[in-house]
Amino acid sequence: MLAYQLPELLAASLVLAMLRTRTRAGAPGRKLAVAGAAVVLVSTLLRLLAGFGQGWVLAYGMSSGGGSLGTWLALYSVVALLLSVASAVGLALVGWGALRAIAAADARTA
């Protein structure tokens with residue numbers, strides 16, 4: 001499960017580290033980019049936890065008779081979809097922050 005989330009975890013962590021160390025605190029678009037990278041990182045971590053939860057339900061939870069497997073898998077699918085949407089919003093925020101930084105740089109050179 002970790003192997004599926006690892007590339008996104010590494011990329012979001014790297015972007016956050018670069019934004020924190022290589023940009024000025026008041027740089028245009030920095031807040032948006034940091035917020036977007038943080039949203040991507042948190043949604044990926046939550047997706048990882050949801051995947052472990054799904055594995056636990058499949059392995060141990062259904063043996064106790066605590067509900068139908070279909071209900072749990074449908075709930076997992078909804079959670080995974082919402083976390084993917086959150087990750088996409090985070091990526092859009094990173095892009096929006098980059099666009100604001102590029103526009104500010106163009107305005108300074110003009």
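Derivation of every value follows stated rules applied to the coordinates shown; laboratory data play no part. Since this is a predicted model, take the numbers as computed values, not measurements. So basically every Cβ, Gly included, is an ideal-geometry build from the backbone, and we count neighbours across all protein chains shown.
For segment 98-110, putting each phi into the Karplus relation 6.51 cos²θ - 1.76 cosθ + 1.60 with θ = phi - 60° gives couplings of 5, 5, 5, 5, 5, 5, 5, 5, 5, 5, 6, 7, 7 Hz, in residue order, rounded to whole numbers and with x for Gly and Pro. For the pair Leu69 and Leu10 in one chain, pulling the backbone fully straight at 0.36 nm per residue adds 18.0 nm over the alpha carbon distance. Scattering from the chain was approximated by placing one identical point on each alpha carbon and applying the Debye formula without solvent; log10 I(q)/I(0) at 0.16, 0.18 1/Å stands at -0.75, -0.87. Rounded to the nearest 10 degrees, the inclination of helix 30-59 to the longest alpha-carbon principal axis of the chain is 10 degrees. Of the trypsin sites (Lys or Arg not before Pro) found in segment 7-110, those in coil by DSSP whose Cβ has at most 10 other Cβ atoms within 10 Å are Arg24. Its Cα centre serving as origin, the chain has a Cβ charge dipole (Lys and Arg +1, Asp and Glu -1) of approximately 540 debye.
From its DSSP helices (H runs of at least four residues, each -39,500 (n - 2.57)), the chain gives a residue-normalised ellipticity at 222 nm of -30500 deg cm²/dmol.
Of all the options Leu73, Leu48, Leu32, the one that moves most in a Gaussian network model of the chain with Cα springs shorter than 10 angstrom is Leu73.
Looking at Leu41, Ala105, Leu9, which one has the Cα that reaches farthest to the positive end of the dipole of segment 2-109 (charges on Cβ: Lys, Arg +1; Asp, Glu -1)? With unit charges placed on the Cβ atoms, the residue in question is Ala105.
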